[in-house]
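Chemist: Here you go, one structure.
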Amino acid sequence: MEIPFVDLKAQYQDIKNEVLEAIATALDGMNLFLGENTRALEREFARYCETSFAVGVGSGTDALYLALRACGVAPGDEVITVSHTFIATAEAIFMAGARPVFVDIEPKSYNMDPAQVKAAITPRSRAIVPVHLYGYPADMDPILDLAKEYGLKVISDACQAHGATYRGKSAGALGDAAAFSFYFSKNLGAYGEAGMVTTSDEEVASKIRVLRDHGSAEKYSHTDIGVNSRLDELQAAVLRVKLRYLDEWIARRRANAEIYNSLLPGGSVGMPDEFPGWKHAYHLYVIETDHRDALQQWLGSRGVATGIHYPVPIHEQPAMKRYGHAQGSLPITESKARRILSLPMYPELTMAQIQHVAGCVQEFYAETPAQHINA
Ligand SMILES: *Cc1c(COP(=O)(O)O)cnc(C)c1O
């Protein structure tokens with residue numbers, strides 16, 4: 001049995017007619033510059049996240065960058081974030097001219113440890129960027145309290161967290177703004193590049209509308225130095241169709257996670273936690289093991305594709321050293337990077353596929369004790 005890491009063909013088969021019709025309608029209208037689909041998606045996604053505004057942009061990376069700028073992050077500022085994330089979190093901070101200051105993660109949630117944030121605050125700190133990694137929310141209440149106390153902005157990296165909630169609030173409604181990615185493999189994925197910022201701050205929303213379109217609110221008048229980062233009208237048409245299915249898809253991801261939890265050998269691998277009142281959207285299903293590389297190889301040779309999110313923390317990436325941003329050790333981040341393994345996770349996974357994956361993990365521990373002890 002071959003089990004891919006994600007299966008976008010299966011999803012496409014389910015929605016093909018609606019997607020093709022939406023694209024055809026958009027093309028018939030030929031209104032491709034921030035047209036009705038972009039405006040409608042912005043309204044619909046803001047409603048989905050229970051925020052007042054949503055602004056469509058070119059990618060999740062741009063969503064972060066533009067949100068940082070709209071929240072006042074400027075050259076010379078420091079932005080507190082985590083190293084256990086995709087590189088784009090830090091890239092966006094550099095793009096805004098600021099410097100990322102990495103703090104360690106909390107071992108159960110894999111997200112920013114609020115207890116580490118206070119010590120990282122300096123007079124140059126301007127913002128905090130917690131990441132809701134794997135689709136699981138960061139512990140936002142203590143982070144928001146600190147931000148309030150020190151006058152810092154909070155911009156969520158919600159690029160993996162469409163549909164996640166924290167104490168009843170959408171991941172898009174936590175902090176001053178949140179950045180979403182519609183990269184093809186995300187919980188809500190386009191058929192090209194796209195992103196979105198959600199916010200309930202009208203000034204932040206209108207600044208991003210100007211920045212995403214060459215610093216222009218009115219044709220031929222440029223009131224700021226912006227970029228070209230508009231949401232593509234065809235991607236918006238596709239995303240509007242998919243948004244209608246998002247909650248159903250997340251419910252299926254959650255059901256699949258429960259099956260994994262019940263079938264995997266709990267004594268041998270660590271499984272994702274879900275604290276009461278926090279809703280995991282299971283963009284990724286990540287387990288922990290002392291024998292990660294051997295288990296990954298074992299699964300690969302049995303047709304099970306896996307991933308590592310992420311094997312090298314940002315503070316250890318060559319680019320950080322190259323630009324003089326080497327930072328001291330982050331022990332939990334570094335230890336997790338050696339232990340984590342992402343198993344196949346998507347709404348269309350079948351029971352038989354999950355049983356096969358879990359069965360292979362069980363066999364690894366049952367049949368090859370010597371291998372896993374020496375791995
Ligand atoms: C995908 C992702 C991004 C970047 O999104 P793009 O749309 O690929 O630019 C940023 N942060 C995290 C955590 C992501 O997973």
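Chemist: Rounded, prolate or oblate: which fits the stretch 110-213, taking a ≥ b ≥ c as square roots of the Cα gyration tensor eigenvalues, rounded meaning a/c under 1.5, else prolate when a/b beats b/c?
Modeler: Judged from the Cα gyration tensor, the stretch 110-213 comes out oblate (a/c at least 1.5, b/c at or above a/b).
Chemist: Still on this structure, please answer the following. Which net charge results for the neighbourhood of T85, defined as the other residues with beta-carbon distances under 12 angstrom from its beta-carbon, given Lys and Arg at +1 and Asp and Glu at -1?
Modeler: In short, -1.
Chemist: Next question, about the same structure. Just order 291-299, 81-89 by mean Cβ neighbour count inside 10 Å, highest at the front, would you?
Modeler: Answer by packing, highest mean first, reads 81-89, 291-299.
Chemist: Taking 32 Å as the cut-off for C-alpha to C-alpha distance, list the pairs among K148/K207; K108/K321; K148/K242 that go past it.
Modeler: K148/K242
Chemist: Further question: Give the cross-link partners of K153 among the aspartates and glutamates, using a straight C-alpha distance below 13 Å as the criterion and excluding same-chain residues fewer than 8 apart.
Modeler: D77, E78, D145, D176, D201
Chemist: If you roll a 1.4 Å probe over the chain with all protein chains in place, what percent of the accessible area is carbon or sulfur?
Modeler: Carbon-and-sulfur percentage of accessible area, whole number: 51.
Chemist: Starting from 0.36 nm per residue, how many nanometres of slack lie between T25 and D290 once their C-alpha separation is accounted for?
Modeler: Contour length minus the Cα-Cα distance gives 90.2 nm.
Chemist: If we count every other residue with Cβ under 15 angstrom of P4's Cβ, Lys/Arg +1 and Asp/Glu -1, where does the sum land?
Modeler: That works out to -1.
Chemist: Moving to a separate point now. If you count only protein heavy atoms with a 1.4 Å probe, what accessible area per residue comes out for the chain, rounded to a whole Å²?
Modeler: Accessible surface, normalised per residue, equals 42 Å².
Chemist: Can you give me the Cα centroid spacing of the stretch 21-95 and the stretch 178-248 in angstrom?
Modeler: 4
Chemist: Can you compute the modelled spin-label distance between M351 and R252, with each label point 7 Å from Cα toward Cβ, in nm?
Modeler: 1.6
Chemist: What shape does the chain take by its C-alpha gyration tensor, where a ≥ b ≥ c are the square roots of the eigenvalues and a/c under 1.5 counts as rounded, a/b above b/c as prolate, and the rest as oblate?
Modeler: Since a/c reaches 1.5 but b/c is at least a/b, the shape of the chain is classed as oblate.
Chemist: I need the helices of the chain that pass two filters: whole DSSP H segments spanning 18 Å or more by Cα along the axis, and mean Kyte-Doolittle score no lower than -1.0.
Modeler: The answer, listed by residue number, is 8-29, 246-263, 351-367.
Chemist: What 222 nm value per residue comes from the helices of the chain, counting each DSSP H run with n ≥ 4 as -39,500 (n - 2.57) and dividing by all residues, nearest 500 deg cm²/dmol?
Modeler: Counting only the DSSP helices, I get -13000 deg cm²/dmol.
Chemist: What fraction of the DSSP beta bridges in the chain is antiparallel, stated in percent and rounded to the nearest 5?
Modeler: Around 60 percent of the beta bridges assigned by DSSP in the chain are antiparallel ones.
Chemist: Classify the stretch 152-228: rounded, prolate or oblate, from the alpha-carbon gyration tensor (a ≥ b ≥ c, eigenvalue square roots; a/c under 1.5 rounded; otherwise prolate if a/b is larger than b/c)?
Modeler: Because a/c hits 1.5 or more and a/b fails to exceed b/c, the stretch 152-228 counts as oblate.
Chemist: I'd like to compare 319-332, 239-252: which one has the highest average count of other Cβ atoms within 10 Å, and what's the full order after that?
Modeler: 239-252, 319-332
Chemist: Just add up the charged neighbours of I23: K/R +1, D/E -1, any other residue whose Cβ is under 15 Å from the Cβ of I23.
Modeler: -3
Chemist: To the nearest 20 debye, what is the magnitude of the charge dipole of the chain about its Cα centre, counting +1 on the Cβ of each Lys and Arg and -1 on the Cβ of each Asp and Glu?
Modeler: Dipole magnitude for the chain comes out near 360 debye.
The values are calculated or read from the model by the stated rules, or taken from the named source; none is laboratory data. Since the structure is predicted, the reported quantities are computational estimates derived from the model, not experimental observations. Cβ sites come from the backbone with ideal geometry, for glycine too, and all protein chains shown count toward neighbours. These area figures cover heavy atoms from the full protein model, side chains too; ligands, DNA and RNA do not enter into them. Shrake-Rupley method; radii C 1.70, N 1.55, O 1.52, S 1.80 Å.
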